[in-house]
Amino acid sequence: MSMRVIILQAAVLLVAFFASVCPPAIEAQEVASAQTRTSSTQTQLRHWLENMVWYHGYQREEILQVTGLQPASLEEALNRWNISPSTKPLAEVDPPIFVLPYPGGRHPRIGFLDGAIEPQRETKLSVFTPWDPTSYVVLDAPEALWSNLGLTYLAHTHIDTIWDKQHTKLEPLEWIHRADGSYFLRRELPNQISYQLHAVPHRDHLAILMTLTNGTAEPLSDLRVQMCAMLKGCKDFDQQTNDNKIFRGSLAACRNSTGNRWVILGFEPNHRTWGNAPCPCLHSDPIFPDLAPGQTKSVHGWMSFYQGTDIDAELERIDRIWNSAQEQVVEGQVLDDQTGSPVACRMYLQSESGQWFFAESGDPQGQAIRYEKQNWINPQSNEFHTSISAHRFKLRLPPGKYTLTVERGKEYFPWTQQLVVGKDTPELQIRLKRWVNMAEQGWYSGDTHVHMKIDRLKHAMQSEDLNVALPMVYWTTRDDRNAKLGDRTDPDDSRLPSELIGLDGSHVIWPKNTEWEIFSVQGKSHTLGALFALNHQTPFEVGIPPVKQVLAQADRENAILDLDKHDWPFAMVLPSLLGNRLTYELANNHMWRTEFAFTKWNTPAPDWMQRSDPQVGTEKDWIEFVHRTYWCLLNSGYRLQPSAGTASGVHPVPVGYGRVYVHLPQGFHYRDWIEGLRQGRSFVSTGPMLMMHRQEGSIQVEAHADGPIASLEWIVNGKIERISVDGQIRKPDGSWSIRVERSSGFDSTAWVAVRVWQEPSPGRWRFAHTAPIWFDVPGKPLSPTLEEKQFLIDRVQNELDRSRGVLSPEGVAEYQESLDRYRKLDTVR
């Protein structure tokens, strides 16, 4: 045997040995140095690391290849930003289809790799399945663009493009993630042909719009595009066959092995649909009409997932509602009726068949933020609208009849019209009429409980004319995860500095607010409830329970603690422990513009609340439960001030639907607003306006509404005294108002509030409720009734009994302390 043969055999054995003890994390053919994209900023690097680790499950070697980092630098970055598979945040509640840019490095195909060398990531989006958060389809849009010039663009290396033949290299690009959650990319080719891709995630599908502009001096023809959905990363869809695919018109669909889950792709106008088994992938390839110089045209795409066995019915449904070929574009603008100036607004658009549509901005400087939420209990509880900035808008609609509704916060009349769309639909000019201007009277509104990303919130709150928004950027659902590292903490917004975000002089966001919403205690499923910290300065690095460990930091940073889930298990533990640091959401996250959903609450109402059913009821019954629990706490000596929060971003409700107005007679300043909230210079509203003033010897009240006032009530120590509303007047602008007053003389300590009700449609109630005014009489304190005291004792005793053996000894001790304080309350004699 020659020395050469011996050396070769030894080399083979060594290779085999190292392969067995050190298996590569990625396949050899998937390694390509051209896949490396270095990040230009630390934020960009963090986003890519989160993308690869949390969602795509990249191995260490893959990440090194994509980022170009050295191993030590990668470890440092992952540790610094706390990025690991175990720190992945929980998914959004009722999310749209989840989409991320594909990181590259890992080849998105299984086979036919020589037909896609060096795949470019700037055309690729990962679209994650709703049934498995680790499975995704890679949409390549566009994979290729053909024209009469030849192969004009290709998203990988295979056949030479016209640019390859000219030795012209195209610059790498990246997707732009917009505030509305969509992804956008624009590429201009060296001959001034340009295309744009806009991918918009909705609840049930991904909408894709591709526009193509002919910037050359010659006509373009034979404009065919390849749009590809690669299935390698989609578990149980990766069989290298076309037997699991069907093609119907412009729609292509692929099923899993059992035939009960489907991936669907479509583009119109359509050239052809087909599948490539070795990849494997789906194609729905559109075709553009010929383009004259300077002309722009569009094609439309649809991608969705289906769970079920009647794929024929699902494809027919998509074909019926996805009618882009006949689409008309209607443009318009929303103006203030008095000033004629453009105003931001919230827009609803629904077809006769019930399908919802969404507006787009008609101005490059404008924004249109879609909001799509549906309650998981009542599917009729939905909120589908667009928040539109003070710019022109456009609607893309098939011919037909639609109902268009436009609103702007609380202080404008809503606008509703029937819209008929045809070939010559005129431009829309919508003039919103203001019925009250609370800022002119020194009242400024806020939402103290928001779950919307700040970039989206900036636009949504201006559409609602909401002065203050407090988003819960820190959010944890487990007692063992502090809020800073919470399983729902926003990784971007939580890194913002402790600085006020001013949209203008009177619309602001404070970015340091926390929700502890505890569903898990010491690793066990055990629901407690929620506590909020508003207006703090630094992240809380403690969890709850025990609750009192947040007090030192809250007091040091002038934070407000807030309570909203009043029927949840540990809600009544909090007032006795936290005292007057606590505010109470009189309008909370179960009070919506749409249908009421939570008709059964967690804690039965006691007999003294006089509910027809102690645990089941209407929206108004729920409001009464919330309010009467508040009155019980006031009677028990806890002088809690009211707040209002929507949890918009989680529930089907616009931000600021329930809001708290704070009186600032010297004009708006955020710090003054927080102090006014803390001091109770406020009222809470889901519709009407209500102002109560203490004068010498009397209490004066004025109420205003955009429709008739149904009832007005004095609330004195929790007792309702109804006031006749016969004296209300209708103003020339169409709004209604009433003024009343009463004596402020009391023989013993008392509190007084006012509540007004409005019924804008049968069975739907809107209310306003003032903060209480206290009248202290020395030596004659206010006490709860025996029934109210027993209600608080029972609430805490039941929770204590339920939580023994689950809570820590410190947590149990807190419950016992709360119970002892309620037991010591004096009652009305």
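The values are calculated or read from the model by the stated rules, or taken from the named source; none is laboratory data. None of these values were measured; they are calculated from a predicted model. Neighbour counts are summed over all protein chains in view; Cβ atoms, including those assigned to glycine, are modelled from backbone coordinates with ideal geometry. Please note that ligands, DNA and RNA were not included when accessible areas were found on the heavy atoms of the full protein model with its side chains. Shrake-Rupley method; radii C 1.70, N 1.55, O 1.52, S 1.80 Å.
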Residue list for segment 675-709, restricted to those being open to solvent by 50 Å² or more (accessible area, probe 1.4 Å) and either of a type in the set (Lys, Arg) or within 23 Å of Pro760 (Cα to Cα) (or both): Arg678, Arg681, Arg694, Asp706, Pro708
Residue satisfying all of: in segment 467-515; over 16 Å from the mean Cα position of the chain (by Cα) and among the basic types (Lys, Arg); farthest from Gly656 (Cα to Cα) among these: Arg481
Among residues of segment 735-792, those that are among the hydroxyl-bearing types (Ser, Thr, Tyr) and in contact with a Cys (Cβ under 9 Å, 6 or more places away or on another chain), counted: 1
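Is at least one residue of segment 667-675 part of a strand (DSSP E or B), free of Cβ contacts under 8 Å to residues at least 40 places away in the same chain and of a type in the set (D, E, K, R)? Before you say what the answer is, go through the steps one by one.
Let us first name the residues in segment 667-675 that are part of a strand (DSSP E or B), namely none.
No.
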Selection count where residues are open to solvent by 10 Å² or more (accessible area, probe 1.4 Å), in a strand (DSSP E or B) and in contact (Cβ under 8 Å) with a residue 40 or more places away in the chain, scope segment 269-287: 3
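Here is a yes/no grid of residues against (1) open to solvent by 30 Å² or more (accessible area, probe 1.4 Å); (2) more than 27 Å from Val684 (Cβ to Cβ); (3) not in a strand (DSSP E or B):
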position	(1), (2), (3)
Gly502	yes, no, no
Trp516	no, no, no
Phe532	no, no, no
His536	no, no, yes
Pro539	yes, yes, yes
Gln549	yes, yes, yes
Lys565	no, no, yes
Phe570	no, no, yes
Pro575	no, no, yes
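Could you say which residue among Leu154, Leu139 is in contact with a Leu (Cβ under 6 Å, 6 or more places away or on another chain), aliphatic (A, V, I, L, M), crowded, with 22+ Cβ neighbours inside 10 Å and more than 19 Å from Gln65 (Cβ to Cβ)?
On the way: Leu154 fails: in contact with a Leu (Cβ under 6 Å, 6 or more places away or on another chain).
Of Leu154, Leu139, the one residue that is in contact with a Leu (Cβ under 6 Å, 6 or more places away or on another chain), aliphatic (A, V, I, L, M), crowded, with 22+ Cβ neighbours inside 10 Å and more than 19 Å from Gln65 (Cβ to Cβ) is Leu139.
Looking at Ser381, Ser389, Ser353, which is the one that is among the hydroxyl-bearing types (Ser, Thr, Tyr) and closer than 27 Å to Leu503 by Cβ?
Numbers: Ser381 fails: closer than 27 Å to Leu503 by Cβ; Ser353 fails: closer than 27 Å to Leu503 by Cβ.
After applying the criteria, what remains is Ser389.
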Failed item, numbered, when Gly811 is tested on (1) at pLDDT below 95; (2) within 41 Å of the chain's Cα centre (by Cα); (3) open to solvent by 60 Å² or more (accessible area, probe 1.4 Å); (4) more than 30 Å from Ser445 (Cα to Cα): (3)
Conditions (1) more than 33 Å from the chain's Cα centre (by Cα); (2) modelled with pLDDT under 95; number of the one not met by Ser40: (1)
Segment 577-630, residues that are more than 29 Å from the chain's Cα centre (by Cα) and in a loop (DSSP other than H, G, I, E, B): Pro604, Ala605, Pro606, Gln610, Arg611, Ser612, Asp613, Pro614, Gln615
Residue match in segment 128-135 (condition: of a type outside the set (A, V, I, L, M, F, W, C), open to solvent by 10 Å² or more (accessible area, probe 1.4 Å) and within 28 Å of Ala292 (Cα to Cα)): no
Residue in segment 793-802 that is closer than 30 Å to Ile518 by Cβ, β-branched (Val, Ile, Thr) and open to solvent by less than 10 Å² (accessible area, probe 1.4 Å) present: yes
Qualifying residue in segment 477-494 (condition: at pLDDT 95 or above and aliphatic (A, V, I, L, M)): no
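Residues are listed down the side, and each one gets a yes or a no for (1) among the basic types (Lys, Arg); (2) within 17 Å of Lys719 (Cα to Cα); (3) out of contact with any Pro (no Cβ under 8 Å at 6 or more places or on another chain):
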site: Arg739; (1), (2), (3): yes, no, yes
site: Ser748; (1), (2), (3): no, yes, no
site: Val754; (1), (2), (3): no, yes, yes
site: Gln758; (1), (2), (3): no, no, no
site: Trp774; (1), (2), (3): no, yes, yes
site: Lys789; (1), (2), (3): yes, yes, yes
site: Arg802; (1), (2), (3): yes, no, no
site: Glu810; (1), (2), (3): no, no, no
Strands (runs of 3 or more DSSP E) completely within segment 177-244 that count 2 or more residues being in contact with a Ser or Thr (Cβ under 8 Å, 6 or more places away or on another chain) and buried (at least 21 other Cβ atoms within 10 Å of the Cβ): 193-201, 206-214, 223-230
Any hit, segment 384-400, residues being crowded, with 24+ Cβ neighbours inside 10 Å, touching a helix residue (DSSP H, G or I) at 6+ places or on another chain (Cβ under 6 Å) and either more than 27 Å from His669 (Cα to Cα) or of a type in the set (Lys, Arg) (or both): no
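Look at Ser361 and say whether it is within 12 Å of Met347 (Cβ to Cβ) and small (Gly, Ala, Ser).
On the way: within 12 Å of Met347 (Cβ to Cβ): yes; small (Gly, Ala, Ser): yes.
Criteria met by Ser361.
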Pair list, Cβ < 7 Å and 6+ apart or interchain, from segment 248-268 residues that are over 10 Å from Leu315 (Cβ atoms) and acidic (Asp, Glu) to residues that are open to solvent by 30 Å² or more (accessible area, probe 1.4 Å) and not in a strand (DSSP E or B): Glu268/Ala325
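Suppose we keep only residues that are free of Cβ contacts under 8 Å to residues at least 40 places away in the same chain and aliphatic (A, V, I, L, M) within segment 602-626. Which one would you say is farthest from Leu640 (Cα to Cα)?
Of all residues in segment 602-626, those free of Cβ contacts under 8 Å to residues at least 40 places away in the same chain come to 602, 604-605, 609-617, 621-622, 624.
In the following step, the residues that additionally are aliphatic (A, V, I, L, M) were identified as 605, 609, 616.
Values: Ala605: 21, Met609: 20, Val616: 27 Å.
The extreme case among them is Val616.
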Filter result (over 25 Å from Leu534 (Cβ atoms), surrounded by 15 or more Cβ atoms within 10 Å (Cβ to Cβ) and touching a strand residue (DSSP E or B) at 6+ places or on another chain (Cβ under 7 Å)) within segment 616-643: Glu619, Lys620
Members of segment 722-776 that are touching a residue at least 40 places away in the same chain (Cβ under 8 Å), open to solvent by 60 Å² or more (accessible area, probe 1.4 Å) and under 31 Å from the mean Cα position of the chain (by Cα): Glu759, Pro760
